[in-house]
Amino acid sequence: MLEFVAGLVLFFAAHSFTMFRGARQAAVDKLGPIPYRVLYSLVSLAGFVMIVHGFGHAPRTELWTPPLWMRHVTMLLMLPVFVLLVAAYVPGKIKAAVKNPMLMALKTWALAHLLANGDLASVLLFGAFLAWGVVDLIAVKRGGRSPVVARPRAVFDGVAVVVGLGIYVAFIMGLHQKLIGVPILMMH
C-alpha cells in the first residue's frame, strides 16, 4: 500500500506543480524546455508505474459494498468519457463547448469508478483523480488557460463520437479485462 500511496503523491505532485505557473516557468528557464519536459515526464511516469503496481498489490479492504445496479450507472457515465478523450485532441464543437474535455473525461471516469468500487485502494485511486481533476479545472479557469478552438468543425465531433464509442465498445467487449484485469460484462 505504501508504494501505491507514494505513487499517487509523486504523480500528483508533478501534475500539481504545473498549476504554479511562476514556479513552472522558473524551472523551464533554469533547465530548458526539453530537459524540463523530460524530467516532468520521467517523474510522472515513475509515479504512474508505482500507482499501477501498488494498486495491483494493495489489499482490497472493503469500506462498503456497492449495489449491483451501480455497475449500470458506471457504464452509463462511462459512455461520454471516451468521446471526450478523443474530442480533447480534435478541433470540434465538443471541445469548444466543453473547453477542457480531457479534465471532464477524467472527472467522469473517476466518479463512475468510485460509484462501483467500495474498497479502500479504489477509493484512494479514484478519489485522488477526481479531487485533482476538480482542483486542476479550477486552476485552469483561474489562470485563463482554457483552450480556445479557433474554428471548430462539426466533422471532428463525428470523429470523436465514432472513435470514442468504438473504444467504449472495445472496453466492454474485453479490452478492460485485458488491460485492467477486471471484466465489465459477466458472462455465464
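Throughout, read-outs are computed from the coordinates displayed, never taken from laboratory work. Keep in mind it's a predicted model, so treat the numbers as computed, not measured. Every residue, glycine among them, receives a Cβ derived from its backbone with ideal geometry; neighbour counts consider all protein chains shown.
The figures follow:
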{"item": "Taking Leu8, Leu76 and counting other C-beta atoms within 10 Å, the order from fewest to most", "result": "Leu76, Leu8"}
{"item": "P(r), alpha carbons of segment 1-58 - 5 Å bins starting at zero, rounded %", "result": "4, 22, 24, 20, 13, 10, 6, 2"}
{"item": "Proximal lysine pairs, the chain, alpha carbons under 27 Å, eight or more residues apart or interchain", "result": "9"}
{"item": "Neighbour-count order for Thr61, Thr18, Thr108, fewest beta carbons within 10 angstrom listed first", "result": "Thr61, Thr18, Thr108"}
{"item": "Listed residues Leu77, Leu111, Leu42, most fluctuating in the chain (Gaussian network, C-alpha, under 10 Å)", "result": "Leu42"}
{"item": "Exposure proxy ranking, count of Cβ atoms within 10 Å, fewest first, for Met1, Met50, Met102", "result": "Met1, Met102, Met50"}
{"item": "Assigned charges on the beta-carbon of Lys, Arg, Asp, Glu; the chain dipole about Cα centre (debye)", "result": "780 debye"}
{"item": "Lys93 paired with Met75, simple spin-label distance in nm, labels 7 Å along Cα-to-beta-carbon", "result": "3.0 nm"}
{"item": "Pairs of Cα atoms farther than 13 Å apart, segment 46-104, %", "result": "73 percent"}
{"item": "Segment 118-138 and segment 56-70: distance between their alpha carbon centers, rounded to Å", "result": "15 Å"}
{"item": "Reference-scaled alpha-carbon Rg (2.2 N^0.38 Å with N residues) for the chain", "result": "1.12"}
{"item": "Distribution of pairwise C-alpha distances over segment 114-188, 10 Å bins, in %", "result": "15, 24, 37, 21, 3, 0"}
